[in-house]
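To start, the structure under review is shown below, and the notes come after it.
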Amino acid sequence: MSDNSARQGVLCALGAYFIWGLAPAYFKLIAQVPANEIIAHRILWSVVFMLVLLSLGRRWPQLRQSLRRGKLLLTLALTSVLIGSNWLLFIWAVNHHHMLEASLGYFINPLVNVLLGMLFLGERFRRLQWFAMVLASAGVLVQLWMFGSLPLIALWLALTFALYGLLRKKIGIDAQTGMLIETLWLLPAAAYYLFIVADSPTSHLGANGWHLNLLLACAGVLTTVPLLLFTAAANRLRLSTLGFFQYLGPTLMFLLAVGFYGEALSADKLYTFAFIWLALGVFVTDAILLQRRRFSAA
């Protein structure tokens, strides 16, 4: 991997996680819209935005070539289900005052990435990485033991997004083409729900104010841009390296939840967060030490 490619991957990763970290503020602006409707708008307007991008980039030959690969299409159907369920649960969590647990999920996500990298990509655990995994597991188990509950929202968000990243890395399709095919897989269900099933005060676009419709249309941009940046980063960086940057998004979410939206950091979340933050501290320390050894060897 060239230095230029790695540098591009780092910039893409930072951009993706910064946008994701501030995304809850956007969803709070449209909290009156049910989560199912928001996800339908995300899919619909993402398709529109991706068609524009592919037209501007003249990438139709790549799309036609990808559509002829049956195994690729089936894999993208699976990734579309993973990312769609992740979107839906995230929006529901943000607009039902579970932003802290959502941020916990994305704090756990880098560690899940490392685990999947070991299991499926042949990436080896170093000692400090093992220690970080033990600390993270202890945080979840402490919550289960002391409070009789599991952070199910956090675990599902972490697992679905980590699996999504793994599959997108393995198939190696370019970000724009892959994103369009994923949203096309989801489009029929989204359109059916939005135009036939949904019946809420906000589901009739002609009755909405222009500002609300504009915000709903912007869901496509908010959905597409960070995912394009993420998949571009995933194709340029090791999965474990990509995990290094993922603290940015959940840190911003955590600050929004506590500082701006008044979510309480209850005892069960505090214990779990403490272990996860300690695990991430060990994880980051290991990454820094590894980079120093590589620099010294060079």
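The length gained by stretching the chain between residue 207 and residue 265 to full extension, at 0.36 nm per residue less their Cα-Cα distance, is 17.0 nm.
Take the alpha-carbon centre of the stretch 244-267, take the same for the stretch 171-214, and report the distance between them in whole Å. So the two Cα centres are separated by 28 Å. Computed 3J(HN,Hα) for the stretch 105-122, one whole-Hz value per residue from the Karplus formula 6.51 cos²θ - 1.76 cosθ + 1.60 where θ = phi - 60°, is x, 7, 6, 6, 3, x, 6, 5, 4, 4, 4, 5, x, 5, 6, 10, 10, x, glycine and proline marked x. Distance between the 7 Å Cα→Cβ label points at residue 56 and residue 126: 4.0 nm.
For a paramagnetic label modelled on residue 155 (point 7 Å from Cα along Cα→Cβ), amide N atoms under 17 Å away belong, within the stretch 107-128, to 107-113, 115-116. With every protein chain in place and a 1.4 angstrom probe, the accessible-area ranking of 168, 293, largest first, reads 293, 168. Calculated mean residue ellipticity, 222 nm, the chain: -27000 deg cm²/dmol, from DSSP H runs (n ≥ 4) at -39500 (n - 2.57) each, averaged per residue and rounded to 500. Of the residues 207, 189, 217, the one that moves most in a GNM of the chain with alpha-carbon contacts below 10 Å is 207. The charge dipole of the chain, taken about its Cα centre with unit charges on the Cβ of Lys, Arg, Asp and Glu (plus for the first two, minus for the last two), comes to roughly 1280 debye.
Note on residue 130: accessible area approximately 130 square angstrom, rounded to 10, probe 1.4 Å, nucleic acids and ligands left out. This model, with +1 at the C-beta of Lys and Arg and -1 at the C-beta of Asp and Glu, gives the stretch 71-206 a dipole about its Cα centre of some 580 debye. Shown is the FRET efficiency for residue 137 and residue 97, computed with R0 = 35 Å from the Cβ-Cβ distance and rounded to the nearest 0.05: 0.85.
I want to make sure I understand the PRE zone here: with the label point 7 angstrom from the Cα of residue 200 toward its beta carbon, which residues in the stretch 78-109 have backbone N atoms less than 18 Å away? Residues 84-99 fall inside that zone.
Annotation: residue 171 carries an accessible surface of approximately 40 Å², with a 1.4 Å probe and no ligand, DNA or RNA atoms counted. Note on residue 212: accessible area approximately 20 square angstrom, rounded to 10, probe 1.4 Å, nucleic acids and ligands left out.
The values are calculated or read from the model by the stated rules, or taken from the named source; none is laboratory data. All figures in this text were calculated on a predicted structure; none of them were measured in a lab. Every residue, glycine among them, receives a Cβ derived from its backbone with ideal geometry; neighbour counts consider all protein chains shown. Only protein heavy atoms, including side chains, enter the accessible area calculation; ligands, DNA and RNA are left aside. Shrake-Rupley method; radii C 1.70, N 1.55, O 1.52, S 1.80 Å.
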